[in-house]
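I have placed the structure first, in the form of structure tokens, so that the comments after it can refer back to it.
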Amino acid sequence: MDSVPVRVATALDLAAVAAIYADEVRRGTASFEIEPPSLAEIKQRWVDVCNLGLPYLVAHLDENVAGYTYAVPYRTRPAYRYTLENSVYVAPWARQRGVGLALLRGLISGCEIWGARQMIAIVGDPTANHGSIRLHEKAGFVSVGTLSGVGRKFDSWLDSLIMQRTLGYGISSSPRDRRVPA
């Protein structure tokens, strides 16, 4: 298979990003949002990520946005400043074509350049989202725990699986990158 083109997302990609995410919110359990956010909200989230200097990427197949990924700070407290949480969403028509892995590899690389040392993936409803688990495992993530019944959607209590991956030098050395917010 040819490699999947991945690039930095622009404002022109956000309508497609919003559509991919809206479909997941309405039909799936990977996200615990109940109502899809507006295009304006998606744009604000993109701006927030970009303002932190973090990657927000899209993949293209067949001349369409096939998926997107981004990272945000895992928590706001300063001690967590080297740990990021990722999100990856792939359009249903583009699944099983290498889109997710291309996106996640690009995101990991960008986050390492940014100076992050750990990446967390929170997989909503792990019993239904095996593809997300396999994707993260292929990218080097390991399962570190399950939060039971922490979400409620579609009249069901849902778990969240926490996965983690070391980035760059991990905890083997002191951080020197001053671009990371203190």
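In the set ARG97, ARG152, only one residue is more than 19 Å from THR69 (Cβ to Cβ) and among the basic types (Lys, Arg); that residue is ARG152. Candidates are the residues of segment 107-151 that are in contact (Cβ under 8 Å) with a residue 60 or more places away in the chain and of a type in the set (S, T, N, Q); the one that is nearest to GLY28 (Cα to Cα) is ASN129. Of the residues screened, THR10 is not one that is in contact with a helix residue (DSSP H, G or I) (Cβ under 8 Å, 6 or more places away or on another chain), β-branched (Val, Ile, Thr) and either over 25 Å from ASN129 (Cα atoms) or buried (at least 18 other Cβ atoms within 10 Å of the Cβ) (or both). If we scan segment 13-22, do we find a residue that is under 30 Å from ASP155 (Cβ atoms), without any contact (Cβ under 8 Å) to a residue 24 or more places away in the chain, within 16 Å of the chain's Cα centre (by Cα) and surrounded by 17 or more Cβ atoms within 10 Å (Cβ to Cβ)? Yes, segment 13-22 contains a residue that is under 30 Å from ASP155 (Cβ atoms), without any contact (Cβ under 8 Å) to a residue 24 or more places away in the chain, within 16 Å of the chain's Cα centre (by Cα) and surrounded by 17 or more Cβ atoms within 10 Å (Cβ to Cβ). Being under 16 Å from the mean Cα position of the chain (by Cα) and in contact (Cβ under 8 Å) with a residue 40 or more places away in the chain is a condition met by no residue of segment 36-51. Scanning segment 1-49 for residues that are assigned to a loop (DSSP other than H, G, I, E, B), at pLDDT 95 or above, closer than 16 Å to VAL90 by Cβ and aliphatic (A, V, I, L, M) turns up VAL4, ALA9, ALA30.
The values are calculated or read from the model by the stated rules, or taken from the named source; none is laboratory data. Given the structure is predicted, the values throughout are model-derived calculations rather than measurements. So basically every Cβ, Gly included, is an ideal-geometry build from the backbone, and we count neighbours across all protein chains shown.
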